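What follows is calculated from the coordinates using simple rules that are stated; it is not laboratory data. These figures come from a predicted structure and were not determined experimentally. Heads up, the Cβs are rebuilt from the backbone with ideal geometry, glycines too, and the neighbour counts pull from every protein chain shown.
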Amino acid sequence: MSHSSAAIHDLRALPRDGEGPVFNEPWQAHAFALAVRLSEAGCFSWHEWSALLSQEIRSAQEQGDPNFGYYHHWLRALEQLCVEKGLVKVADMERRKEEWRRAYLNTPHGKPIELSAGALTSDF
């Protein structure tokens, strides 16, 4: 078992079945894989990651939101850690989120969502 596999095994709240983590939507798998890969690449330690994720879950529970969804907590913790480590700027991350939101809204049902459908145009 690799270091990452052992660390992932220690995440008690991680939705899983007998074969490993389970995902209800593709974005959950992407967020999961990104956190693992960034940790493996040395962008942050797995200990930093799991501590921040635990803090995010605890904070949500204290605010009365225990059922928001594990991977939503995962994503918020990942975004926060990436900003703290200087891997992304908040403005860039917010712009990209808005582009994906627009792409989703501009894509007909049943068609693949392409980021180009949500490109923000400049007013200049």
Please compute the modelled spin-label separation between Glu94 and Asn106, points set 7 Å along Cα→Cβ, answer in nm with one decimal. 2.1
Before anything else, pin down the relative contact order of the stretch 71-124: Cα pairs under 8 Å, at least 6 apart, normalised by residue count, whole percent. 25
Which order do the peptides 90-100, 74-84 come out in when sorted by mean C-beta neighbours inside 10 angstrom, highest first? 74-84, 90-100
